[in-house]
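Here's the structure we're looking at; comments come further down.
Coordinate-derived values only; no laboratory data. Since this is a predicted model, take the numbers as computed values, not measurements. Heads up, the Cβs are rebuilt from the backbone with ideal geometry, glycines too, and the neighbour counts pull from every protein chain shown.
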Amino acid sequence: MALAAWIAPILLLRFYRSGKRGVAIAAIITISCVQIAWWNLETGVPPSPSSGALTVAIGLLYAIPFVLDRVAGPSLGPWRRTALLPAAMAATEFAVGAILPVGTSVGMRAITQSENLALLQIISLTGPYVIAFLIGCAATIANHIWEARTPQALLRKGGLFAATLLVILAAGQARLTFGAKIGAPTVKIAGITPPMALRDAANGLVSMSSFPPSADAVAATRTPAARTANAAILDTLLEDSRKAAKAGAQIVIWSETAAPVIAEDKPALLRRAAALAREERIYLNVAVGVAFERNETFLIAPDGKIQWHYRKNHPVPGMEPVSPFANAPPLEPTPFGTLSNIICFDADFPALARIDADILIVPAWDWPEIAIAHTMHMARLRAIENGYSLVRVDYNGTSAVFDPMGRIVVRQDTTTGGAHMMMADVPVSGTATLYGRIGDLFAWLCVLASGVLVASARRRQA
């Protein structure tokens, strides 16, 4: 609920400033942890010791800005106290996204505003953390007016914030209205997910419960039954890719680990995929899953040559039994602009997704509880921040294509069983953004401002 994200901090801050300090600190920590736990429950994250520990860690971090407002805020003047909470909120979001293994998938306020595209255009300048800053400003200014109860407070601080927000909205709407090029070239892209019955059958033959895997778990991936199930999935993926090419697709993308395989069978898989790309003259992004070893993609050009080999940087903590990998997202110039690729959860890390590309390919695999949020609220932000079209092909979730300003080109539910094919005419020209050039400068300034304000308060208290 977009409006709730603005109202809740106002009321929390009012309670927090007016209650006893010890009670208020304990309450805000509890509330923060409960919020994160509720988000995990709502999105179907399986309970485990690791998810519980992360819930507490994230809850504690998100409580810090309110603690600072209560402990350090009273020693600051009205204007500096107004700035402390928003700067600390943005800095905390940045720290969570940059340090913890959950990225920005939990707690980022920009996610709550994903349907307000006029507001979100500002993240193309500053990055996503500015939304937390604005929401924090609304909370501190509303509380200042609440405490002062004077027309001057309403007009000076309230009026300044309202005017700033109106400028941001107007500029964002102008960007949406005039930024798109009429008749801009597009490329037809197909996104393919494997038949759910076949994929479930293959999954059922492999125990993914242990990592590092036991000898029995590894042996299960190499049985004749498992290899036969993998071959059936590959046959269907290749057949559907050919159908997509016949229907006009020039780029075909498979969902995350669409083709399960064991290491020794992977060369044969790639040869068959390369033959199809040559025959149909398409770019084919092959998504492969080697159980317990690697989650990876290969872009095969129309001449059958492999143009990139990308490995997933950020496996989902506690849920994905493969090791993380450190590799930069690839860049491939094509007649349809520069293509790039990251995989599913990688897109929840804004720094990794800061790529100078025209089209970002994101093969993904979700589950129904998180599907819409992950595609429509989280991954969507990356398109706006970096000015590229984003194609997310999601097994058991929500597939979608967004233009460089976050507008929906096409959307598809893939939780309904069977195989799915999504076809879209995707803009091929990206839009350069300031955030793409300066990175997280705004976030670092918020970190600096938070430190300076806290240090200033400590000097006054000494």
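Give the angle, between 0 and 90 degrees and rounded to the nearest 10, that separates the Cα long axis of helix 224-246 from the longest principal axis of the Cα atoms of the chain. Computed tilt is about 80 degrees. Measuring between their Cα centroids, segment 410-462 and segment 244-301 lie 30 Å from each other. Considering only alpha-carbon pairs that sit under 8 angstrom and 6 or more positions apart, the relative contact order computed for segment 117-272 is 24 percent.
Relative to one another, the C-alpha centroids of segment 131-182 and segment 366-403 are positioned 28 Å apart. Each of 382, 354 was scored by other Cβ atoms within 10 Å of its Cβ. Listed from fewest to most, they are 354, 382.
Among the listed options [x] 93, 71, 43; [y] 74, 55, 35; [z] 69, 54, 43, the one matching Cα extents along the principal axes in Å as calculated from these coordinates is [y].
For the chain, find the longest principal axis of its Cα atoms and tell me its angle to the long axis of helix 21-42, 0 to 90°, nearest 10. On a 0 to 90 degree scale, this one is about 20. Pairs of lysines in the chain whose Cα atoms sit within less than 25 Å of one another amount to 8, provided the residues are eight or more positions apart or on different chains. Computed extension gain for residue 328 through residue 3, at 0.36 nm per residue and net of the alpha carbon distance, reaches 113.3 nm.
Among rounded, prolate and oblate, which fits segment 1-124 when a ≥ b ≥ c are the square roots of the eigenvalues of its C-alpha gyration tensor, a/c under 1.5 means rounded, and a/b larger than b/c means prolate? Here segment 1-124 falls in the oblate category.
Computed over segment 186-430, relative contact order equals 20 percent, with contacts defined as Cα pairs under 8 Å that lie 6+ residues apart. Relative contact order of the chain, taken over Cα pairs closer than 8 Å and 6 or more residues apart, is 18 percent. Were the residues from residue 95 through residue 231 laid out at 0.36 nm apart, the gain over their Cα-Cα distance would be 44.6 nm.
Model label sites at residue 452 and residue 53, defined 7 Å from Cα along the beta-carbon direction, differ in position by 3.7 nm. Each label was represented as a point 7 Å from its Cα along the Cα-to-Cβ direction; for residue 34 and residue 115 these points are 2.6 nm apart. In the chain, the longest principal axis of the Cα atoms and the axis of helix 441-461 are about 30 degrees apart. For residue 165 and residue 201, the difference between the fully extended length at 0.36 nm per residue and the C-alpha to C-alpha distance is 7.8 nm. A simple spin-label model places pseudo-atoms 7 Å from Cα toward Cβ; at residue 10 and residue 459 they are separated by 3.4 nm.
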